[in-house]
Amino acid sequence: MHKTIPLTLEPAFVKNYRNGYPLISKEALIDWQKVTEEGSIVTLFDTHKKFIAKGYYGRQNKGYGWVLTQNREEAIDLAFFKKRLAAAFAYRKSFFEDAETTAFRVFNGEGDGIGGLTIDYFGGYYLLTWYSIGIYTFKEEILKALKSQVDYKGLYQKKRFDAKGQYLDDTDDFIEGERAPEPLIVKEDGANFAVYLDDGAMVGVFLDQKEVRKTIRDKYAKGRTVLNTFSYTGAFSIFAALGGAKKTTSVDLANRSRAKTEEQFRVNDIDPATQEIIVEDVFNYFKYAVRKKLTFDMVVLDPPSFARSKKHTFSATKDYTKLLKEAIQITSKGGIIVASTNAANFDMKRFKSFIDKAFKELKGKYSIEETFSLPKDFRVSERFKEGNYLKVVFIRKS
Ligand code: SAH
């Protein structure tokens, strides 16, 4: 059962929570030592014992838990979860009705009123991701609430319990219903993706880039040579090829990326032999490309916010400017660089300053064509703008 524990807010933080800030942090609480059990309900009061908000305790990379309601009378029970899920489904009505897109996010954590939980839809299957043991203690109610409102073929889950949000490898991520075929073919704006719901932390596609992929396909790819770095399963390459790119080159360090990328091309009726797929450290590839005087009309940069390979450590905050400088050198005049980052610790303004610095240091000129952040299905709370981690800039090299 979920014990309820009253906690006292530091005076300096009261206003923030009264205004609806959802993330519970250790610094904000005078007596957080009173909670020890994941999944406890915590009621937050000011030092005059006035009720401010109610939430749950769950340690994750971001903090100590999430506010769920500012209404003291609202119980955190089945009816509560039903209400939050129903609102989330209603918000995605147009996605459910779109036959050309059968993979999207249906519930986005605090953006939909329950931090620490996301739910993605993949062609009839639902994948729940739990970001703390605390939120996982509500699994029974949440599954019940979900099942009472949707038709589903099967349910899957990912546990990302540890403080860094790392995936906890269960032997089986399947919960109930029917097992999904492997691969399961889903659609995004008419293109196909092969996804695997029970194959480790990632399923094969990052749903938050849908608008960027569509933009590449519909507005930029035609006739261009495209270099896709940190390509994973090649999603950007697939969309570029579908948009009429002259040729795509996908580069990723992971061995599995070759077969995965070939598969994504095949399920879109593109012969992988017509495209280039390279398993290599991107930084070595840049050196090679400079030496061979290779240039591309479009270069996609989508590195992880932090990565360590044998020879290189990459941190988006420290090294993005350097990465851009490498890309600029092998982008043709008039070519496009798609610079993307999911690093939550800096904002768009700072990201643009990295871009400016890179061009200045190379004495080059550029213009910004367009920018993207999270798509509509990745709903962001007005009170938690930092939840909008995605930053993508389409840059034209002049
Ligand atoms: N752009 C991809 C997602 C990238 S995920 C998409 O749209 O789906 C990050 C990828 O970067 C992983 O596949 C990882 O294997 C790769 N990676 C990390 N460090 C790398 C490096 N130094 N060189 C090449 N690939 C790297």
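Annotations
- Shape of region 245-287, Cα gyration tensor, a/c cut at 1.5: oblate
- Region 78-189 - percent of accessible surface contributed by carbon and sulfur, probe 1.4 Å: 50
- The largest accessible area among 202, 298 belongs to the first residue in 202, 298, and the rest follow in falling order (1.4 Å probe, all chains).
- Once both labels are positioned 7 Å from their Cα atoms along Cα-to-Cβ, the gap between residue 368 and residue 140 label points is 5.0 nm.
- The residues of region 206-397 expose, per residue, 47 Å² of accessible area to a 1.4 Å probe.
- Extension gain (nm, one decimal) between residue 356 and residue 322, 0.36 nm per residue minus Cα-Cα: 11.1 nm
- Each Cα pair under 8 Å and six or more residues apart adds its separation to the average, and for the chain the resulting relative contact order is 11 percent.
- Taking all protein chains into account, the per residue accessible area for region 1-51 stands at 57 Å² (1.4 Å probe).
- Apportionment of accessible area to carbon and sulfur, region 206-397, percent (1.4 Å): 49
- Violating pairs (Cα-Cα greater than 19 angstrom) within the set 357/391; 15/49; 210/376; 159/385: 159/385
- Region 206-397 - charge dipole about Cα centre, Lys and Arg +1 at Cβ, Asp and Glu -1, debye rounded to 20: 700
- Considering only 95, 190, 273, the residue lying farthest towards the positive end of the dipole of the chain is 273, judged by Cα position with unit charges set on Cβ.
- Pairwise FRET efficiency - residue 4 versus residue 273, Cβ, R0 = 56 Å, nearest 0.05: 0.35
- About its Cα centre, the dipole of the chain is roughly 1840 debye, where the only charges are +1 on Lys and Arg Cβ and -1 on Asp and Glu Cβ.
- Over region 78-189, accessible surface divided per residue gives 42 Å², non-protein components excluded, 1.4 Å probe.
- Taking the helices alone, the chain has a mean residue ellipticity at 222 nm of -7500 deg cm²/dmol, built from -39,500 (n - 2.57) per DSSP H run of at least 4 residues and averaged over all its residues.
- Overall form of region 78-189 per C-alpha gyration tensor (a/c, 1.5; a/b vs b/c): oblate
- Charge dipole of region 78-189 about the Cα centre (unit charges at C-beta), most positive-ward option of 161, 137, 121: 137
- Charge dipole of the chain about the Cα centre (unit charges at C-beta), most positive-ward option of 330, 43, 28: 330
- Positive contributions from Lys and Arg (+1) and negative ones from Asp and Glu (-1), summed over other residues with Cβ under 12 Å from the Cβ of residue 254, come out at 0.
- Efficiency of FRET from Cβ geometry, residue 79 and residue 172, R₀ 25 Å, rounded to 0.05: 0.25
- Computed from the Cβ-Cβ distance with R0 of 45 Å, the FRET efficiency linking residue 293 to residue 27 stands at 0.25.
- Counting only Cβ charges, +1 for Lys and Arg and -1 for Asp and Glu, the dipole size of region 44-145 around its Cα centre is about 380 debye.
The values are calculated or read from the model by the stated rules, or taken from the named source; none is laboratory data. Everything quoted here is computed from the prediction, not taken from an experiment. Neighbour counts are summed over all protein chains in view; Cβ atoms, including those assigned to glycine, are modelled from backbone coordinates with ideal geometry. The protein model used for the area step is the full one, side chains on, heavy atoms only, and it has no ligands, DNA or RNA in it. Shrake-Rupley method; radii C 1.70, N 1.55, O 1.52, S 1.80 Å.
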